[in-house]
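The values are calculated or read from the model by the stated rules, or taken from the named source; none is laboratory data. Quantities reported herein were computed from a predicted structural model and do not represent experimental measurements. Cβ placement follows ideal geometry from the backbone for every residue including glycine, while neighbour counts extend to all protein chains displayed.
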Amino acid sequence: MRRQKLGRLEHVREGNAWKLAAEQYNDGPIDLAALYAMLPARGAAFSRGGSPWNSIAYAPGNTKRFPPDDLSWKLQATRDEEFVYVRLEASKPIPLWLSRNSS
């Protein structure tokens, strides 16, 4: 008998559309302690403010470690009293960290 997988999908609203932000599948139920961590906050300052990413500066690219042509992504990060928020924007798929250096 084939066992059904249990899943968790996380959606975010960008503009006027909902987008899939994350998905995870397991053979068994999620541990209750982990499930509590997945629940949205009751309203931390950043989320209460409407997640104003346009007011967060982009981090400078690390051109000492990466050639400028490889920096196809932008990073933003902030925190409030409950969470650390990290946002990546990319103009093309971001390669795996070791994909270039793996043998």
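Considering segment 13-49, and only residues there that are in contact with a strand residue (DSSP E or B) (Cβ under 9 Å, 6 or more places away or on another chain) and in a helix (DSSP H, G or I), the residue that is modelled with the highest pLDDT turns out to be PHE46. If only residues of segment 50-103 that are of a type in the set (D, E, K, R) and not in a loop (DSSP other than H, G, I, E, B) are counted, the one that is modelled with the lowest pLDDT is ASP70.
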